[in-house]
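Structure first, then comments.
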Amino acid sequence: MLNFWKSYVVILLLCLGLLAFADDVKHTNNWAVLVCTSRFWFNYRHMANVLSMYRTVKRLGIPDSQIILMLSDDVACNSRNLFCGSVFNNQDHAIDLYGDSVEVDYRGYEVTVENFIRLLTDRWSEDQPKSKRLLTDENSNIFIYMTGHGGDDFLKFQDAEEIASEDIADAFEQMYEKKRYNEIFFMVDTCQANTMYSKFYSPNILAVGSSELDESSYSHHSDVEIGVAVIDRFTYYSLEFLEQIEKNSTATLQDLFDYYTFEKVHSHVGVKTDLYQRNPRHVLITDFFANVQNVQADKRSEENIEESKYSNDVLTNNVLNLAAERESDENKTDVRESYNNSANHFIKTHKLNNAITDDFSISYKTRIFAMSVVLSLFACVYLTKGVKAPTTKQQLFYI
């Protein structure tokens with residue numbers, strides 16, 4: 001009875017291990033959606049905010065093919081910019097955020113509420129380029145960062161339209177129903193930012209905002225040469241923390257949340273965790289901000305093995321059929337020649353007998369040829385498996 005319970009416990013532990021492995025392979029790829037909704041030169045800091053996040057996720061390994069960058073204005077080429085073609089987030093101008101490797105997917109008037117919702121839900125016409133689509137699946141973790149001017153339950157798009165928290169919530173629900181994500185980390189830097197996730201109701205969504213209701217989100221510092229503020233406080237301290245992160249870092253999202261203080265941000269950062277299944281203390285920063293290489297087993301592997309076996313059988317049968325057809329064609333040719341070259345009945349009979357004898361010899365040689373091909377195939381299989389091929393006649397016989 002004791003042995004039975006020991007066996008039961010071992011089996012139970014194995015099952016739990018398999019379940020844990022199954023949970024791990026649910027996450028196989030990371031995507032980032034980075035959105036600046038503000039226009040005009042005096043909103044320089046919002047462009048710098050989103051370009052800073054873009055640089056961070058690229059540094060940690062997420063490729064451009066899995067980053068959607070939306071910039072509502074191009075301050076790098078603005079006539080007021082003393083540093084033409086460059087964008088900086090610090091007054092020391094140490095890092096050019098624009099550089100040569102920035103790939104903007106939506107620019108200027110392409111950055112609209114409609115296009116943002118279509119991007120999340122993948123409701124496009126057939127001619128929409130794949131490079132401008134969010135091609136996620138049920139194994140994708142998505143980091144969504146938004147910055148601009150906002151208020152109670154809304155965020156402005158280019159001072160022309162607004163997106164409400166209900167709109168984003170409904171878009172996330174469509175994504176969940178269509179199995180377009182595994183987990184979402186939503187980050188928003190705007191005034192009254194925490195209201196932007198107040199209406200979320202879909203599972204596996206973690207959200208963080210820079211400020212509470214009726215609270216502003218402040219800029220960090222200005223640049224005298226540029227003439228405007230170059231970055232917001234919430235984003236500045238987010239980057240300060242993320243600059244310490246490498247691809248193999250063990251830092252968690254809770255470490256990031258603990259890094260925000262009122263003394264630094266000058267507003268109350270909010271975090272929404274009630275829809276999220278995991279504890280942020282156990283969620284690595286790299287689960288959203290870096291590239292991952294988890295591999296999911298292909299469910300069709302067994303089918304591929306069966307197809308491979310079937311292909312080998314077909315190959316063997318084809319070799320035998322080819323040999324039989326060759327034998328049949330040679331028989332017909334020899335019989336036809338024996339009849340055409342005969343001069344009389346005796347000679348016909350004699351040559352026909354010779355032809356039959358030759359046919360037997362050819363048939364025998366053909367069978368030997370076919371068997372040699374088949375044995376060669378088996379030898380190849382043994383060699384590929386690391387087994388030494390048979391060399392003696394006795395070994396060949398026992399195969």
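Some observations on this one:
- Residues in segment 262-280 that are touching a residue at least 60 places away in the same chain (Cβ under 8 Å) and open to solvent by less than 50 Å² (accessible area, probe 1.4 Å): V269, G270, K272, L275, Y276, P280.
- Restricting attention to segment 88-122 and to residues that are touching a Ser or Thr at 6+ places or on another chain (Cβ under 8 Å) and among the acidic types (D, E), the residue that is surrounded by the most Cβ atoms within 10 Å (Cβ to Cβ) turns out to be D105.
- Pairs with Cβ under 8 Å, 6+ apart, first in segment 186-202 and in contact (Cβ under 8 Å) with a residue 40 or more places away in the chain, second outside any loop (DSSP other than H, G, I, E, B) and of a type in the set (D, E): D189/D232; K199/E166; Y201/E173; S202/E173
- Residue list for segment 262-279, filter: over 20 Å from M196 (Cα atoms) and under 35 Å from the mean Cα position of the chain (by Cα): Q277, R278, N279
- Of all residues in segment 34-44, those satisfying the criterion of being touching a strand residue (DSSP E or B) at 6+ places or on another chain (Cβ under 7 Å) and either without any contact (Cβ under 8 Å) to a residue 12 or more places away in the chain or closer than 16 Å to L155 by Cα (or both) are L34, V35, C36, T37.
- Subset of segment 283-298 (residues that are at pLDDT below 60 and open to solvent by less than 20 Å² (accessible area, probe 1.4 Å)): none
- For segment 238-261, taking the residues that are over 29 Å from the mean Cα position of the chain (by Cα) and aromatic (F, W, Y), the one that is most open to solvent (accessible area, probe 1.4 Å) is identified as Y259.
- The strands (runs of 3 or more DSSP E) found wholly in segment 138-223 and carrying at least 1 residues that are touching a Gly at 6+ places or on another chain (Cβ under 6 Å) and surrounded by 24 or more Cβ atoms within 10 Å (Cβ to Cβ) occupy 154-157, 183-189, 205-209.
- Filter result (crowded, with 19+ Cβ neighbours inside 10 Å and either in a strand (DSSP E or B) or among the acidic types (D, E) (or both)) within segment 64-87: I67, I68, L69, M70, L71, D73
- Which listed residue is part of a helix (DSSP H, G or I), more than 25 Å from T28 (Cα to Cα) and either at pLDDT 95 or above or not aliphatic (A, V, I, L, M) (or both), from N90, N115: N115
The values are calculated or read from the model by the stated rules, or taken from the named source; none is laboratory data. These numbers were taken from a predicted model, which means no experiment stands behind them. Virtual Cβ from ideal backbone geometry, glycine too; neighbours counted across all protein chains shown. Surface accessibility is based on the protein's heavy atoms, side chains included, excluding ligands, DNA and RNA. Shrake-Rupley method; radii C 1.70, N 1.55, O 1.52, S 1.80 Å.
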